[in-house]
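Participant: Just dropping this structure here.
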Amino acid sequence: MATIETPSRGTWNSKLGFILAAAGSAVGLGNIWGYPTQVADNGGAAFILVYLVCCILVGLPVMIAEITIGRKTGKNPVGAFKSLDSSGFGAIIGYWGVLCGMMILAFYLVISGWTLAYVFEEIFKYSGNSELSAWFGQLDNGPKNAIFTIVFMLFTIGIINGGVSGGIERATKVLMPFLIFILVAMIIYVFTLEGSAEGIRQYVLPDFSLISGDLILSAMGQAFFSLSLGMGALITYGSYLKKNQNVMESATYVTVVDIGIAFIAGLLVIPAMYVALNQGIMIFGADGDLISSVALVFTVLPQLFENIGGPLGLFISISFFLLLGLAALTSSISLLEVPVSYVIDEHGIKRKKASLIVGGIVLFFALIISFDIGLIDIFVNIFNEIGLPLGGLMTCIFLGWVWKTGNAITELENGMPGAANSSFVKLWAFFIMYICPVLISIVFITTVLNLIR
Ligand code: PHE
């Protein structure tokens, strides 16, 4: 089937542009918050190893699959699957992706809003206004959540409105290097503080006895979320990719950047916790495990920043929350781009109008969550823990058994002459047909059983 490349659809301007945009999608709250939290939750370095295996054995092959489908068809997920298969099976995968994208964005915006609100919380704490500081720092403060959720959505829509190369590519080209700079600068500083050495030791020395079924499930779920897989973000980004770019190579870069940034985010957060311990801050919960999740990012770390004190403490805390916010922004634009590209392609609506319509619908759900943050867990369970592996599983089955790997390899030949003879490509095809579906199915069924139990 010929690729339909309407000039209005847009393409990435440069090779690096795609890699940065896709890495921007991948690197987000999942890396800087989710991953260190999972490490803290699952006994440190043992988790890192299993996570690496999940990213390489399942994440990378699925990412290559998504980008290939996107570039072949030059369409949004619904249009892409529809054009490769007239039976209707494919379209379901596309619609499921669009739905998951919108619902993940809804809770993602609320959490992203917290990071922005914490910038103000820290400023007011520093200036001694404890009342305002508490208002901005209260996570279940509905009106405050609503305001910051709307602000974050406006940023996201603003970038999306600029189009593919003028908006997404331009923004990520600036934001990603900035993000890496803040991260590295903070790590260097934390390493100079007392206690960090113990944190590094805890972080990199694995205790293999801690590897369990639950740990593997968490690692796989984290891999899908962190690599932005299973809901068509990379089909969409792949649809803007030029034919002369090597898909295998680009996907590998994106995966390596995502794993790398998660790893160094852990190198910031875990040692920072031990620095906090050294300063008398409680970093273990009642169960004796490291404090994780919400409390880790919004309680333990701010206490540490407070202990550092003075303008330096303020500067570091603002940098940290800005870092989280920036990482979230380059991901939220990809979450919104999926349904927006669907509306543009399939319903012939102009980009600006499409982003306002879809943005409005997502905002409706995000505002409900803003006033009832208990809903975040439910959304995570359905659309993230079930939704993404299910989307990934269907994508593998579709590519391997409906569209067929031979056709995909022909597409891979663009930008990678000789792909059909490459053993890496052959291995990939085998993984997509057999290994990935089996591994994802095991994880998927176990996750569902755990959730309904
Ligand atoms: N990968 C993003 C993160 O790590 C989240 C995301 C999931 C973005 C799915 C797009 C699609 O935070």
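Participant: May I ask for the angle, rounded to the nearest 10°, between helix 45-54 and the longest principal axis of the chain, with both axes built from Cα atoms and the value confined to 0 to 90°?
Facilitator: 10 degrees
Participant: Can I ask one more? By the scheme Lys and Arg +1, Asp and Glu -1, what is the net charge of all other residues having a beta-carbon under 14 Å from that of Trp135?
Facilitator: -2
Participant: Taking the mean number of other Cβ atoms within 10 Å as a proxy for protection, how do you rank 402-410, 15-23 from highest to lowest?
Facilitator: Per-residue mean Cβ counts within 10 Å order the peptides as 15-23, 402-410.
Participant: In whole Hz, with x marking every Gly and Pro, tabulate ³J(HN,Hα) for the range 114-128 from phi via Karplus 6.51 cos²θ - 1.76 cosθ + 1.60, θ = phi - 60°.
Facilitator: Per-residue couplings from phi come out as 4, 5, 5, 4, 5, 4, 5, 4, 5, 4, 6, 5, 4, 7, x Hz.
Participant: Another question about this same structure. Give me the percent relative contact order of the chain, please, defined on Cα pairs under 8 angstrom at least 6 residues apart.
Facilitator: 33 percent
Participant: Round to the nearest 10 and give me the degree value, 0 to 90, for the angle of helix 60-73's Cα axis relative to the longest principal axis of the chain.
Facilitator: Relative to the chain, helix 60-73 is tipped by roughly 50 degrees.
Participant: Using unit Cβ charges (K, R positive; D, E negative) and no other charged atoms, how large, in debye to the nearest 20, is the dipole of the chain about its Cα centre?
Facilitator: For the chain, the charge dipole is close to 1580 debye.
Participant: Once Lys and Arg get +1 and Asp and Glu get -1 on their Cβ, which of Ile349, Ile48, Leu229 lies farthest toward the positive end of the dipole of the range 7-392?
Facilitator: Ile349
Participant: If you take the charge dipole of the range 286-425 about its Cα centre, with +1 on Lys and Arg Cβ and -1 on Asp and Glu Cβ, which of Thr330, Leu375, Cys396 is farthest toward its positive end?
Facilitator: Result: Thr330.
Participant: Enumerate the calculated ³J(HN,Hα) couplings along the range 428-438 in order (Karplus 6.51 cos²θ - 1.76 cosθ + 1.60, θ = phi - 60°), each rounded to whole Hz, writing x wherever the residue is Gly or Pro.
Facilitator: Result, rounded to whole Hz: 4, 4, 5, 4, 5, 7, 10, 5, 4, x, 5.
Participant: Something else: Go through Phe315, Phe298 and list them by solvent-accessible area, largest first, probe radius 1.4 Å.
Facilitator: Greatest to least solvent exposure: Phe315, Phe298.
Participant: So, one more: Roughly how many whole Å is it from the C-alpha centroid of the range 105-164 to that of the range 307-327?
Facilitator: 15 Å
Participant: Another question, if that's okay. Suppose a student asked you for the relative contact order of the range 76-202, using Cα pairs under 8 Å spaced at least 6 residues apart; what percent would you report?
Facilitator: Relative contact order of the range 76-202: 15 percent.
Participant: Quick one: which of Lys243/Lys426; Lys144/Lys353; Lys72/Lys426; Lys173/Lys404; Lys82/Lys173 span more than 24 angstrom between C-alpha atoms?
Facilitator: Lys144/Lys353; Lys173/Lys404; Lys82/Lys173
The values are calculated or read from the model by the stated rules, or taken from the named source; none is laboratory data. None of these values were measured; they are calculated from a predicted model. With ideal geometry, Cβ positions are generated from the backbone for all residues, glycine too; neighbour counts draw on all protein chains shown. Note: areas computed on protein heavy atoms with side chains; ligands, DNA, RNA excluded. Shrake-Rupley method; radii C 1.70, N 1.55, O 1.52, S 1.80 Å.
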